[in-house]
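Q: Following this message is one structure expressed as structure tokens.
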Amino acid sequence: MDSSVSRIIVLALLIIFSGYFSATETAFSACNRIRLKNMAADGNKKAALVQKMSENFDKILSTILIGNNLVNILATVIATALFIDLCKGDETIGSAVATAVTTVVVLIFGEITPKSIAKDSPEKFAMFSAPFLRVLMAFFAPLNWVFGGWKKLISLVFKPKNDISDTEAELLTMVEEAETEGDMEAGEVELIRNAIEFNDIEVGDILQPRVDVVAIETEDEWDEIDKIFRESGYSRLPVYRDTIDNIIGVVNQKDFYMAKQKSLRSITKPIDYVVPSMKISELMVKLQKSKAHMAAVADEYGGTAGIITLEDVIEELVGEIWDEHDEIVEEFRQINKEEHRILCSANLNDMFEYFDMEADVDIPTVSGWVVEELKHMPVPGDTFEYENLSVKVTKCDLRHVLEIVVKVNEKKEDEEE
């Protein structure tokens with residue numbers, strides 16, 4: 001009887017160790033590295049230990065697996081001996097009972113329960129288990145070295161591909177989950193999403209196109225320039241010589257009114273030229289270094305594709321910026337249950353987001369998209385179908401389409417499937 005009690009005590013200890021190893025594996029796999037880094041920076045020594053140990057996760061995993069398998073095998077052996085004794089020496093029945101009982105006990109107390117506990121508080125449990133795990137890693141160092149060599153040999157034989165994780169996609173997924181769970185406000189989520197996608201946006205995606213550029217010529221009269229400043233409401237205007245394809249600088253409204261009709265050239269500041277393929281993150285750094293607020297965008301022929309301002313770049317991060325002189329324009333307005341009025345100067349990606357659709361078109365503006373779909377210069381009354389959208393052109397001028405009305409139709413069953 002004394003031997004049975006001893007076996008039960010040892011068996012219970014082995015099950016506890018099995019739970020420890022299972023929980024530790026889950027904790028180290030699920031713990032938040034950023035949270036641990038912040039805790040370590042605040043002086044938490046255990047968090048610093050976990051962070052340092054996590055840098056060599058392969059050794060942690062092999063130590064846990066070695067320890068877990070050892071205690072589970074020992075638990076099976078001791079349980080078999082115990083139940084054979086309890087069954088009065090009948091090895092067949094004793095082994096069968098031992099297998100059934102050990103399987104259930106290990107599954108509940110050595111796997112499911114500890115892993116569930118560790119999953120709920122991975123950082124906390126990782127910090128609890130780290131000191132003892134460090135000792136075990138030192139104890140099993142020879143075995144870890146053998147398994148490390150075996151892993152390298154397997155890698156040489158099978159040559160697995162190094163999968164580079166899509167960090168941006170992972171971050172966006174984390175942000176969306178935080179919004180869904182209510183941990184973050186919609187405004188915070190939008191700001192983070194814009195910051196993540198900021199490096200992917202090119203100048204050509206957000207520039208003010210050539211046809212919409214308000215500029216002044218070097219030969220314009222002072223009164224005429226004054227009128228352009230007043231009517232446009234802009235604080236800066238590009239200056240060109242002979243043609244808009246030859247932008248030579250930019251004039252600040254404040255400098256203009258302080259100049260008291262001096263030479264326009266004396267108040268014209270140089271302007272940077274950039275290409276449409278330039279990333280706006282690079283443009284922002286360039287404008288900051290040159291202490292400029294505007295750049296001219298050159299097309300492939302050396303002409304002017306448009307202009308872009310520092311405000312345009314910042315708006316990609318924080319959203320539309322309005323001042324007291326801006327005319328607030330609704331790019332998307334719902335007319336009725338099915339129809340929506342869309343200004344064609346709007347960004348095409350924004351329009352697809354408005355209709356909760358995936359955009360697979362490499363065109364920056366709605367206007368360009370309409371022209372691409374119609375294959376000719378649009379006129380009022382032109383219509384076309386795009387997926388579940390019925391598009392009708394309602395307003396144009398001689399150069400481009402200004403406004404469309406979009407009707408949202410019900411998706412066909414085969415599309416939904």
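The values are calculated or read from the model by the stated rules, or taken from the named source; none is laboratory data. What you see is a predicted model; the values in this text were computed from it and never measured. When we count neighbours, we look across all protein chains shown, and the Cβ atoms used for this are built from the backbone with ideal geometry, even at glycine. These area figures cover heavy atoms from the full protein model, side chains too; ligands, DNA and RNA do not enter into them. Shrake-Rupley method; radii C 1.70, N 1.55, O 1.52, S 1.80 Å.
The rows are residues; the columns are (1) at pLDDT below 90; (2) touching a His at 6+ places or on another chain (Cβ under 9 Å); (3) open to solvent by 20 Å² or more (accessible area, probe 1.4 Å).
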{"site": "Leu13", "(1), (2), (3)": "no, no, yes"}
{"site": "Phe17", "(1), (2), (3)": "no, no, yes"}
{"site": "Tyr20", "(1), (2), (3)": "no, no, yes"}
{"site": "Thr26", "(1), (2), (3)": "no, no, yes"}
{"site": "Lys37", "(1), (2), (3)": "yes, no, yes"}
{"site": "Gly43", "(1), (2), (3)": "yes, no, yes"}
{"site": "Ala47", "(1), (2), (3)": "yes, no, no"}
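Q: Quick check on Leu61: is it surrounded by 14 or more Cβ atoms within 10 Å (Cβ to Cβ) and either more than 15 Å from Ile16 (Cα to Cα) or without any contact (Cβ under 8 Å) to a residue 60 or more places away in the chain (or both)?
A: On the way: surrounded by 14 or more Cβ atoms within 10 Å (Cβ to Cβ): yes; either more than 15 Å from Ile16 (Cα to Cα) or without any contact (Cβ under 8 Å) to a residue 60 or more places away in the chain (or both): yes.
Against the criterion (surrounded by 14 or more Cβ atoms within 10 Å (Cβ to Cβ) and either more than 15 Å from Ile16 (Cα to Cα) or without any contact (Cβ under 8 Å) to a residue 60 or more places away in the chain (or both)), Leu61 qualifies.
Q: Kindly indicate whether Lys52 is part of a helix (DSSP H, G or I) and charged (D, E, K, R). Please lay out each step first, then the result.
A: Numbers: part of a helix (DSSP H, G or I): yes; charged (D, E, K, R): yes.
Yes.
Q: Would the stretch 382-394 turn up any residue that is open to solvent by 30 Å² or more (accessible area, probe 1.4 Å), within 30 Å of the chain's Cα centre (by Cα) and either modelled with pLDDT under 85 or among the β-branched types (Val, Ile, Thr) (or both)?
A: Within the stretch 382-394, not a single residue is open to solvent by 30 Å² or more (accessible area, probe 1.4 Å), within 30 Å of the chain's Cα centre (by Cα) and either modelled with pLDDT under 85 or among the β-branched types (Val, Ile, Thr) (or both).
Q: Additional query: Checking the structure you have, find out if any residue of the stretch 367-376 is small (Gly, Ala, Ser) and part of a loop (DSSP other than H, G, I, E, B). Quick ask: steps written out before the conclusion?
A: In the first step, residues of the stretch 367-376 are kept if they are small (Gly, Ala, Ser); the result is 367-368.
Right, trim to part of a loop (DSSP other than H, G, I, E, B) and you get none.
Among the residues of the stretch 367-376, not one is small (Gly, Ala, Ser) and part of a loop (DSSP other than H, G, I, E, B), which makes the answer no.
Q: Tally the residues that are within 16 Å of Gly306 (Cβ to Cβ), surrounded by 18 or more Cβ atoms within 10 Å (Cβ to Cβ) and not aliphatic (A, V, I, L, M), restricting the search to the stretch 229-238. Write out each step before concluding.
A: From the stretch 229-238, those within 16 Å of Gly306 (Cβ to Cβ) are 232, 234, 236-238; that's our starting set.
Subsequent filtering for residues that are surrounded by 18 or more Cβ atoms within 10 Å (Cβ to Cβ) retains 236-238.
Applying the additional criterion that residues be not aliphatic (A, V, I, L, M) yields 236, 238.
The qualifying residues number 2.
Q: Here is a check on your reading of the model: is Ser129 more than 30 Å from Glu316 (Cα to Cα), polar (S, T, N, Q) and modelled with pLDDT of 80 or more? Can you show your working first?
A: On the way: more than 30 Å from Glu316 (Cα to Cα): yes; polar (S, T, N, Q): yes; modelled with pLDDT of 80 or more: yes.
Spelling it out, Ser129 is indeed more than 30 Å from Glu316 (Cα to Cα), polar (S, T, N, Q) and modelled with pLDDT of 80 or more.
Q: Moving on. Which condition number does Leu86 fail, the rest of (1) more than 15 Å from Ile8 (Cβ to Cβ); (2) open to solvent by 60 Å² or more (accessible area, probe 1.4 Å); (3) not β-branched (Val, Ile, Thr) being met?
A: (1)
Q: Filter the stretch 127-147 for residues that are loosely packed, with under 14 Cβ neighbours inside 10 Å and not aliphatic (A, V, I, L, M) and give the result.
A: Initial filter on the stretch 127-147 (loosely packed, with under 14 Cβ neighbours inside 10 Å): 131-132, 135, 138-139, 141-143, 145-146.
Those that are loosely packed, with under 14 Cβ neighbours inside 10 Å and not aliphatic (A, V, I, L, M): Pro131, Phe132, Phe139, Pro142, Trp145.
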